[in-house]
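Asks: Here you go, one structure.
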Amino acid sequence: MSQERPAPGSDGYYHPTSEDEIVDLVRQAHASRTKLRVIGSGHSEFGAICPGLTPRGAHGGGKPPPSAMMVALDRHRSITFHDDGIVEVDAGCTFGRDPYDPTGESSWSSSLGGALLARGHALPDLGAISHHTVSGYLSTGSMGGSVQHSFLDAVERIRFVDGKGDLHETSRGEELFDAVGVSMGLYGVITKVWLRTEPHYNLVGRELRKPIDETPVDFFGENRRKIPFDRYLRDMPYARAVWWPQRDFEYMSLWEATRVEDMPLFEPVPYKLLAPDTRLLSLAANVLLTILGNLDDLSAARKKLTWFYDKLDEELENTPSGSGCPSALGTSQAGGARVGIDDVVDAVRRIVRATNPGKAGDGRVDRFVHGLLDVAKAQSRVSVDKLETIWDDIVTDAIVTLVKTVLSGSLPALGMLGVGKAAKSIVPYLARSIVSMFVHEGDSRFQDCWLCGHALDDQLDPRLWTLRFMELSVPIDKAEDMMRRLREYFRAGGDAKTAYDRTGPFSCQVYGGKKNSFWMSQAHGTDVVRFDAFWFFHNADDPRQRFFRGVWEALEPLGFRPHWGKVLPVPGRTFAAYYERQLPRMKDFKRLRGGYDPTNIFLTDYYREHLDL
């Protein structure tokens, strides 16, 4: 075997088309002592895929670092159905259509979900998006959002190539199966997965959107006339709670669903995000969140809005649709008019005015508006008369004009700096009004096929909703304790600025997870409640240093376990010892791993630190 590395494709990735080609690549990496990592959909934290990587298709993405052989399995996607309800799936196959597949070949008809629907089959659960690869979803321990059902329950057999280039196959009930299933690519390259399917089912459900105190669930263990949160998670087949914990807001969107058998003439009524116009409101949210995340330097915000500008006046047929349901495979679901910049600004104006920021009840609001005017007068070359026309003494107009100013670049850098800093001083007192634009009031009902019912975030364009995720789980019997600790942390003793620093202008999410046998799973041996925090990718700061850190510290006494594909706590080595106390088979995972990767071609500095390997 030659010790020279083979040349990658023109994009810097290796694209094997068969299991034999994967074996050859691993043997080359072993011979040359080169790191080898696999990229799936690129949805994981970038460092977890490979340090130094910004995936193709991501903002600022390009070729992978030359220090590693990066393998993309986008040409290894075969699906084989067997008579016993088992489906054999190549590792590069996605659950649904990837709207930004670099090859341009991803489609509903070639996806696992599309193939299952066409044959009347289903999986027990999925995540909120469907363009994950099967192997990536499994390897990071992803499972869906239910205590009664889990994708991991469907996994029956796994085949993988170890660090010497040898093939192994392992089945449910074996220790190797429990070790390699959730292994983050550290045992080898998964090449095939066998899944046990179920008969097709539909989902019927509702979403309750209310102040958290008005929901029927006792999230904090303080009102036993309501349903205790842990019992609710156990009893509801599928549920997720989207929580807006901002000061003086504390709102909850409670999504819940149950299964119904397939029936003739079933008519989907899809769940709708950001109703009534998902695309328009996504554009408005993208620009507003980018501005709010860069108030220290608004000139930087405009530079980060590349994809926002790309989406303006775009042909809708080329973007993710409002409903990805492939029940009519191969058809386009897109519709509506193109969206221009004036439409986005008008949408911001309507939404912010509808929330009536003037009701915030704080004299700082008026001082903020006049402060913006004073700063702009002093630092810009725009005439005073024009500024007085632009900035009326109404908060809505100030917010809208802030958006227009950033988009147009009409103020010089010094003016941008002054206006941003002035806005930053008052935004914490407007948090209720800002987050209200993302909340569609009033309850709703929906019914859909299992695939689209689970993958409800498919209707959002991932290039407009660029997020970093952090997820922690604790045993489900600690659900109410977890919620109390988080509420106390988010409230910050009533201090508006500290509270806004801890919540930001966005939501978080809480849902359950069903226990399983995989050694490194969040739900190893126990049902769990999981907390997801979101960080907008274009924000200026590093969320690990402040935003996520406070949550880690608040929940550390409860014995949390992390999601391996999302942002991990730092410093990594400190928490590695902590994880060993929470995951009883983690030491066995580390011991066994060495035998399957003796030269550490799959081990990166990222996991060396976070797992103390």
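Asks: Straight-line reach from residue 311: which aspartates and glutamates have Cα under 20 Å away, leaving out those fewer than 8 places along the same chain?
Replies: Within the straight-line cut-off, residue 311 pairs with 98, 101, 277, 342, 343, 346, 457, 458, 461.
Asks: From Cα pairs below 8 angstrom and at least 6 apart in sequence, can you work out the relative contact order of the chain, rounded to a whole percent?
Replies: Value for the chain: 18 percent.
Asks: Continuing with the same structure: Can you give the FRET efficiency to the nearest 0.05 for residue 262 and residue 105, using r as the Cβ-Cβ distance and R₀ = 30 Å? Mind dumping the intermediate values first?
Replies: On the way: r = 30 Å, r/R0 = 0.99.
After rounding, the FRET efficiency stands at 0.50.
Asks: Something else now. Would you pull out the residues with amide H under 5 Å of residue 191's amide H, same chain only if 5 or more places away, H placed 1.01 Å from N?
Replies: The answer is 159, 160, 161.
Asks: What FRET efficiency would be calculated for the residue pair residue 410, residue 501, taking the C-beta separation as r and a Förster radius of 25 Å, to the nearest 0.05?
Replies: 0.25
Asks: Among DSSP beta bridges whose residues both lie in the chain, state the antiparallel percentage, nearest 5.
Replies: 90 percent
Asks: Something else now. State the volume of the convex hull built on the alpha-carbon positions of the chain, expressed per residue in Å³ and rounded to an integer.
Replies: Output value, Cα hull per residue: 149 Å³.
Asks: Output wanted: per-residue J couplings in Hz (rounded whole) for the range 33-41, from phi through Karplus 6.51 cos²θ - 1.76 cosθ + 1.60, θ = phi - 60°, x for Gly and Pro.
Replies: These are the phi-based 3J(HN,Hα) values: 6, 10, 5, 9, 9, 10, 9, x, 7 Hz.
Asks: What length, rounded to one decimal in nm, is gained on full extension from residue 75 through to residue 599, with 0.36 nm per residue of separation minus their alpha-carbon distance?
Replies: Details: separation 524, 0.36 × 524 = 188.64 nm, distance 2.72 nm.
Stretched fully, the residue 75-residue 599 segment lengthens by 185.9 nm.
Asks: Now, a different point. Of the cross-linked pairs 272/303; 210/272; 478/590, which ones have a Cα-Cα span greater than 20 Å in the structure shown? Each step should come with its number before you reach the end.
Replies: Details: 272/303 31 Å; 210/272 17 Å; 478/590 28 Å.
In this structure, 272/303; 478/590 exceed 20 Å between Cα atoms.
Asks: Once R0 is set to 45 Å, what does the formula 1/(1 + (r/R0)^6) return for the Cβ-Cβ distance between residue 303 and residue 444, expressed as a FRET efficiency to the nearest 0.05? The partial results should precede the final answer.
Replies: On the way: r = 37 Å, r/R0 = 0.83.
With a Förster radius of 45 Å, E is 0.75.
Asks: Under 18 Å between alpha carbons, and skipping anything fewer than 8 positions from residue 497 in its own chain: which lysines qualify?
Replies: Within the straight-line limit of under 18 Å, residue 497 reaches these lysines: 421, 424.
Asks: I'd like the orientation of helix 479-491 relative to the chain: the angle between its Cα long axis and the longest Cα principal axis, in ° from 0 to 90, rounded to 10.
Replies: 30 degrees
Asks: Right, next: For each of 178, 458, 296, count neighbouring Cβ atoms within 10 Å of the residue's Cβ, then give the residues from fewest to most. Don't jump to the answer; show the numbers that get you there.
Replies: Working: 178 22, 458 25, 296 13.
Ascending Cβ contact count within 10 Å gives the list 296, 178, 458.
Asks: What would the Debye equation give as log₁₀ I(q)/I(0) for the range 19-199 at q = 0.10, 0.15, 0.17, 0.19 Å⁻¹, counting only Cα atoms as equal point scatterers?
Replies: For the range 19-199, the Cα-only Debye profile gives -0.37, -0.86, -1.12, -1.39.
Asks: Can you tell me the order of 6-13, 280-287, 490-497 when each peptide is scored by its average per-residue count of other Cβ atoms within 10 angstrom, highest first? Please report the intermediate quantities before stating the final value.
Replies: Details: 6-13: 13.1, 280-287: 23.0, 490-497: 14.8.
Top to bottom by mean Cβ count within 10 Å: 280-287, 490-497, 6-13.
Asks: Here's something else I'd like to know. Where does helix 341-355 land angle-wise versus the long Cα axis of the chain, in degrees 0 to 90, nearest 10?
Replies: Its long axis makes an angle of about 70 degrees.
Asks: Can you give the angle from 0 to 90° between the axis of helix 278-292 and the longest principal axis of the chain, with both taken from C-alpha atoms, to the nearest 10?
Replies: 70 degrees
Here, each number is a calculation from the coordinates, and none is a lab measurement. Note that the structure is predicted; figures quoted are calculated from it, not measured. Virtual Cβ from ideal backbone geometry, glycine too; neighbours counted across all protein chains shown.
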